[in-house]
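Some notes on the structure that comes next.
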Amino acid sequence: MAFDLKTTQDLLNALLDAPPPAPEVSEVGRVAEVGDGIAIVTGLARALSDEMLDFASGVQGIVFDLEPGRLGVVLLGPSERVRMGEDVRRTGRVVSVPVGPALLGRVVDGLGRPRDGLGPVDTPTHTPIEAEAPEILIRRAVSRPLATGIKAVDAAVPVGLGQRELIIGDRQTGKTSIAVDTILNQKTTGVICIYCAIGQRGDAVAQVIGAITDGGMMDQSVIVSVGDEETPGLAYIAPYAAMSMAEDFAAKGRDVLVVMDDLTHHAQAYRELSLLLRRPPGREAFPGDIFYVHARLLERAGQFSEGKGSITVLPVVETQAENLSAYIPTNLISITDGQIYLSPRLVRTNQFPAVDLGVSVSRVGGKAQARAFRDVAGNLRVTLSQFEELEDFARFGTRLDDATRARLARGTAVRNALRQAERDPIPANEQLAVLVAAMAGLLDGMTEGQARNAMQAMRRAIKADDSGLAALIADNEKLSDDLRQKILDTAKAAIAGGDGPDA
């Protein structure tokens, strides 16, 4: 109805004749208690589990516990701002995060809010952080390799696209370095990388962001960061948010790598929230559903049907004093498809990356490994395990025969060949050439420094002319005897001081 508002009286008459506004119904509760990261709310009898609540102070929260007459709420902001008696309103929504290509190159928190000072994330699409794991009928077997660029991993503990491979070890053993090097190696593969930092120090996260930026991978990556100074509620939802972002890319046919660094802090944040909400504690004071918390998260990864891409997850977990039988490590070992174990014993001997091949295993990645790698690295574990036994025996000063000395020299050479600097992922053809040379004895008798220089010379020679080795790996073909001999000839010439067989 149009009005010709010419006078004040006409305006008043129009307002009086207009239909009344629709009533706005909202449910309002009150804060009864406030704790460190949690609140107890009364008066919202119709609230649902996992629903978002808005506090009058501007803080948001998630309904965790539904009890008669009260709600246990996990706060997603500083609890110091919440006051007893303030209003709390239902939103009718669950926790959602922005998804889509606009996230690439950005640093966000557990709710998808920007933390890099580059303005809001420009995407209209939001997705709930909780989702059911994909059904078995839309999954496919892991059949394509995810190249990490790390010789010890690609040769002996291969990872496939869609796999969940745990990175486990004590503090300061290089767990994050393995994950970051894997991200840096995806520059030419088109794999989208999501690095989720949970409870990490700000300077440690800044170093990771710097390494990813320097490696040219930032435009292909998303950083989800929740620091150790932030509320445990944000730490709890961070990996779920990262997984929802990955699912959106995978639904569009992209391959995604998600690094969760680390789930030890995630479990501790969940334990803190559960104890504050007075949930009954279990083993190591963790709540009884901690296994389900991680299982439902990691089950969302996988290789999906044609056109649906894949989600590969590298969860990180920290052990104490090499105790692999602790509660959270054993849970994650049983949930994932294998583990890369980093040993403090190898760190003390200056063996980096400190991958212990005797404990590390990949349960499904071997089927995705290139045939050429299988041909060369098939005896790698046996060679190293026999060498370590002989090395322990030789420490007693026993006289050794020539054959045993030769096996010790070969084992030392292979161990030196697996050494690798940080932030230096190696292409597959260069890895294979170094391994062929080491297993053939070209590095026997060399010191650590000599072996390092020889490997650099070999890499330069293979980079100049790999005799079709890269194409053979890409086509998943076996390594022929002729090509193996060409690699050895190139390696011998490089070690002798040239960059190729003609030098």
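Looking at the stretch 125-141, which of the residues that are more than 19 Å from V97 (Cβ to Cβ) and outside any loop (DSSP other than H, G, I, E, B) is least open to solvent (accessible area, probe 1.4 Å)?
Of everything passing the filter in the stretch 125-141, R139 is least open to solvent (accessible area, probe 1.4 Å).
Examine the stretch 23-38 for a residue that is touching an Asp or Glu at 6+ places or on another chain (Cβ under 6 Å), over 21 Å from R279 (Cβ atoms), surrounded by fewer than 14 Cβ atoms within 10 Å (Cβ to Cβ) and not aromatic (F, W, Y), and state whether such a residue exists.
So in the stretch 23-38, the residues touching an Asp or Glu at 6+ places or on another chain (Cβ under 6 Å) come out as 28, 31.
From the residues that got through so far, the ones that are over 21 Å from R279 (Cβ atoms) too are 28.
Next, from what is left, pick out any that are surrounded by fewer than 14 Cβ atoms within 10 Å (Cβ to Cβ): 28.
Okay, now just the ones that are also not aromatic (F, W, Y), so 28.
There is at least one residue in the stretch 23-38 that is touching an Asp or Glu at 6+ places or on another chain (Cβ under 6 Å), over 21 Å from R279 (Cβ atoms), surrounded by fewer than 14 Cβ atoms within 10 Å (Cβ to Cβ) and not aromatic (F, W, Y).
Matching residues to (1) closer than 20 Å to K308 by Cβ; (2) of a type in the set (F, W, Y); (3) open to solvent by less than 10 Å² (accessible area, probe 1.4 Å); (4) more than 17 Å from the chain's Cα centre (by Cα):
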{"position": "M243", "(1), (2), (3), (4)": "yes, no, yes, no"}
{"position": "A246", "(1), (2), (3), (4)": "yes, no, yes, no"}
{"position": "A250", "(1), (2), (3), (4)": "yes, no, yes, no"}
{"position": "G253", "(1), (2), (3), (4)": "yes, no, no, yes"}
{"position": "L257", "(1), (2), (3), (4)": "yes, no, yes, no"}
{"position": "E272", "(1), (2), (3), (4)": "no, no, no, yes"}
{"position": "E284", "(1), (2), (3), (4)": "no, no, no, yes"}
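If you check A326 against the conditions, is it aliphatic (A, V, I, L, M), in contact (Cβ under 8 Å) with a residue 24 or more places away in the chain and open to solvent by less than 10 Å² (accessible area, probe 1.4 Å)?
Working: aliphatic (A, V, I, L, M): yes; in contact (Cβ under 8 Å) with a residue 24 or more places away in the chain: yes; open to solvent by less than 10 Å² (accessible area, probe 1.4 Å): no.
It is false that A326 is aliphatic (A, V, I, L, M), in contact (Cβ under 8 Å) with a residue 24 or more places away in the chain and open to solvent by less than 10 Å² (accessible area, probe 1.4 Å).
Inspect all residues belonging to the stretch 342-360 and state whether any of them is open to solvent by less than 20 Å² (accessible area, probe 1.4 Å) and part of a strand (DSSP E or B).
Checked against the condition, which is being open to solvent by less than 20 Å² (accessible area, probe 1.4 Å) and part of a strand (DSSP E or B), the stretch 342-360 yields at least one hit.
Do the conditions hold for L400, that is, is it in contact with a helix residue (DSSP H, G or I) (Cβ under 7 Å, 6 or more places away or on another chain) and either open to solvent by 70 Å² or more (accessible area, probe 1.4 Å) or not in a helix (DSSP H, G or I) (or both)?
Details: in contact with a helix residue (DSSP H, G or I) (Cβ under 7 Å, 6 or more places away or on another chain): yes; either open to solvent by 70 Å² or more (accessible area, probe 1.4 Å) or not in a helix (DSSP H, G or I) (or both): yes.
So L400 fits the description; yes.
Can you confirm whether the stretch 200-218 contains a residue that is in contact (Cβ under 8 Å) with a residue 40 or more places away in the chain, in a strand (DSSP E or B) and open to solvent by less than 10 Å² (accessible area, probe 1.4 Å)?
Within the stretch 200-218, none of the residues are in contact (Cβ under 8 Å) with a residue 40 or more places away in the chain, in a strand (DSSP E or B) and open to solvent by less than 10 Å² (accessible area, probe 1.4 Å).
What number of residues within the stretch 309-320 satisfy the criterion of being buried (at least 19 other Cβ atoms within 10 Å of the Cβ) and either part of a loop (DSSP other than H, G, I, E, B) or in contact with a Pro (Cβ under 7 Å, 6 or more places away or on another chain) (or both)? Lay out the reasoning, then the answer.
Looking only at the stretch 309-320, we keep the residues that are buried (at least 19 other Cβ atoms within 10 Å of the Cβ), and these are 309-319.
Cutting the leftovers down to either part of a loop (DSSP other than H, G, I, E, B) or in contact with a Pro (Cβ under 7 Å, 6 or more places away or on another chain) (or both) gives us 309, 317, 319.
Looking only at that region, the number is 3.
The values are calculated or read from the model by the stated rules, or taken from the named source; none is laboratory data. Treat the numbers as computed from the prediction; the structure is a model and nothing was measured. So basically every Cβ, Gly included, is an ideal-geometry build from the backbone, and we count neighbours across all protein chains shown. Each accessible area value is taken on the protein alone, full model and side chains, heavy atoms only, with ligands, DNA and RNA left out. Shrake-Rupley method; radii C 1.70, N 1.55, O 1.52, S 1.80 Å.
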